[in-house]
Amino acid sequence: MSQENVKIVREAFEAFLGGDHEKTAQLVDPEVEFHGTVGGLHEGQIAHGQSEIDETFEVEDMEAWEERRLEAEDFIDAGDNVVVLLHEYRRGRGSGVELETNTGVVVAVSGGRVVRIQGYMDRDAALKAAGLSE
């Protein structure tokens, strides 16, 4: 079952970043929780459901960033969770400041759908949160 979870998360990630709202809706639970990135500006905030995630991820995030690229480098099986190791690139709106960092996301899957997303600025923290170590 856990390899199936990796497949679900990979497809959900690709669908969301590719703007495929129909496929995203099939793979992500309507009550999904998106928790603000630990160590990030939105730590402690929670977005409930796809519309709140879209508001946070697309509208609010892109107010600060002129360009944003998220590249998944690995999807790691952690039972009911999948750890996604990301390389992020961002360029500030107006300032032009560039930021590149490696982050991690722990994605929980239940009943064949993504139910919880928690980002971490520190990849090792993400691995530890999922019961793994690098």
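The values are calculated or read from the model by the stated rules, or taken from the named source; none is laboratory data. Quantities reported herein were computed from a predicted structural model and do not represent experimental measurements. Cβ coordinates were reconstructed from backbone atoms using ideal geometry, including for glycine residues, and neighbour counts include every protein chain displayed. Heavy atoms of the whole protein, side chains included, go into the accessibility calculation; ligands, DNA and RNA do not. Shrake-Rupley method; radii C 1.70, N 1.55, O 1.52, S 1.80 Å.
Structure data summary
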| quantity | calculated |
| --- | --- |
| Label-to-label distance, nm, for residues given as residue 45 and residue 115 (7 Å Cα→Cβ offset) | 2.5 |
| Accessible area in square angstrom per residue, the chain, 1.4 angstrom probe | 55 |
| Linear extension gain, residue 52 paired with residue 65, 0.36 nm per residue minus alpha-carbon span | 2.8 nm |
| On Cα atoms only, tilt of 2-17 relative to the major axis of the chain in degrees | 30 |
| The chain - mean residue ellipticity at 222 nm from DSSP helices (-39,500 (n - 2.57) per run, n ≥ 4, rounded to 500) | -8000 deg cm²/dmol |
| Among (1) 2, 7, 12, 8, 5, 4, 6, 8, 10, 11, 9, 6, 4, 4, 3, 1, 0; (2) 2, 9, 17, 19, 16, 13, 10, 8, 4, 1, 0; (3) 2, 11, 19, 25, 23, 13, 5, 2, 0, 0, the entry that matches P(r) over Cα pairs in 5 Å bins from 0, in percent as calculated here | (3) |
